[in-house]
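The values are calculated or read from the model by the stated rules, or taken from the named source; none is laboratory data. Since the model is a prediction, treat every value here as computed from it, not as a measurement. Counting neighbours? That spans all protein chains shown, and the Cβs are built from the backbone with ideal geometry, glycine included.
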């Protein structure tokens, strides 16, 4: 059965399009160490998908004696430098972006990174993938609040319930589901089995616009992807 294409596809960035989480974790550890503290893997994992202000406040608790805005700027600059040296694309992300672009499906980047970082990452995509970019600079409430996704749908002029969102974190999935979008969770560092995503995939590798259309059509009755279940068996 052929399903209608999504009115738009709304992409998370960190961990979904690019595997920047290790860059963030390295940067957090470097910053805490510079102030004589010790950063832990467990602490880093709690920040996945979080807004940068929350992350900065937690770094302050670990001894980083800098104002929140300065922490955000320093961390973002360091991560951008690492991205410039090597862009860590997630499997299948560029291919799906290109296929959707070729079909004329409007797309937006929806990230809690700052705007200059979002534009930096987008600049490495070899075509103009995004009609809109919604970053931490553009919202009052960070994910898991739905504001970012609602803002993106508004910027594209689409009904959020006809859009598909792609996320890799529980925080991001929660935000996208609350907005009313059909949500695909792509597992990366965390399990998304109980996240509320309409579909959970182990990877975007091999996925097509038709797969997204199928998820949108079935979003009112969430089911597990059998390929996902086989991969986890």
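Looking at (1) outside the structural domain of residue 173 (by TED's automatic domain parsing); (2) in a helix (DSSP H, G or I); (3) within 22 Å of residue 148 (Cβ to Cβ), which one does residue 48 not meet, given that it meets all the others? So the condition that residue 48 fails would be (2).
Residue 78 fulfils the conditions (1) surrounded by 20 or more Cβ atoms within 10 Å (Cβ to Cβ); (2) outside the structural domain of residue 217 (by TED's automatic domain parsing) except for a single criterion, (1).
Any residue at all in region 134-144 that is touching a strand residue (DSSP E or B) at 6+ places or on another chain (Cβ under 7 Å) and either not assigned by TED's automatic domain parsing to the domain that holds residue 45 or not in a helix (DSSP H, G or I) (or both)? Give the steps one after another, and end with the answer.
Kept after step one, since they are touching a strand residue (DSSP E or B) at 6+ places or on another chain (Cβ under 7 Å), are these residues of region 134-144: 134.
From what's left, either not assigned by TED's automatic domain parsing to the domain that holds residue 45 or not in a helix (DSSP H, G or I) (or both): 134.
Yes, there is a match, as at least one residue in region 134-144 is touching a strand residue (DSSP E or B) at 6+ places or on another chain (Cβ under 7 Å) and either not assigned by TED's automatic domain parsing to the domain that holds residue 45 or not in a helix (DSSP H, G or I) (or both).
Identify all residues within region 100-119 that are over 22 Å from residue 157 (Cβ atoms) and either in contact (Cβ under 8 Å) with a residue 60 or more places away in the chain or surrounded by fewer than 22 Cβ atoms within 10 Å (Cβ to Cβ) (or both); write none if there are none.
Answer for region 100-119, where residues must be over 22 Å from residue 157 (Cβ atoms) and either in contact (Cβ under 8 Å) with a residue 60 or more places away in the chain or surrounded by fewer than 22 Cβ atoms within 10 Å (Cβ to Cβ) (or both): 112, 113, 114, 116.
Residues of region 59-91 being within 30 Å of residue 201 (Cβ to Cβ) and in contact with a helix residue (DSSP H, G or I) (Cβ under 7 Å, 6 or more places away or on another chain), which ones?
75, 76, 79, 80, 82, 83
State whether one or more residues within region 87-96 are over 26 Å from residue 26 (Cβ atoms), at pLDDT 95 or above and in a helix (DSSP H, G or I). Within region 87-96 (the criterion being over 26 Å from residue 26 (Cβ atoms), at pLDDT 95 or above and in a helix (DSSP H, G or I)), the answer is yes, since at least one residue qualifies. Please tell me if residue 71 is outside the structural domain of residue 218 (by TED's automatic domain parsing), touching a residue at least 24 places away in the same chain (Cβ under 8 Å) and outside any loop (DSSP other than H, G, I, E, B). Judged against the criteria, residue 71 is a match.
The rows are residues; the columns are (1) surrounded by fewer than 17 Cβ atoms within 10 Å (Cβ to Cβ); (2) modelled with pLDDT of 95 or more; (3) closer than 17 Å to residue 109 by Cα; (4) out of contact with any helix residue (DSSP H, G or I) (no Cβ under 7 Å at 6 or more places or on another chain).
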| residue | (1), (2), (3), (4) |
| --- | --- |
| 169 | no, no, yes, yes |
| 176 | no, yes, yes, no |
| 182 | no, yes, yes, no |
| 187 | no, no, no, yes |
| 195 | no, no, no, no |
| 205 | yes, yes, no, yes |
| 222 | yes, no, no, yes |
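Starting from residues that are surrounded by 13 or more Cβ atoms within 10 Å (Cβ to Cβ) and at pLDDT below 95, keep the ones in region 1-12 and report whichever is farthest from residue 105 (Cα to Cα). The residue in question is 3.
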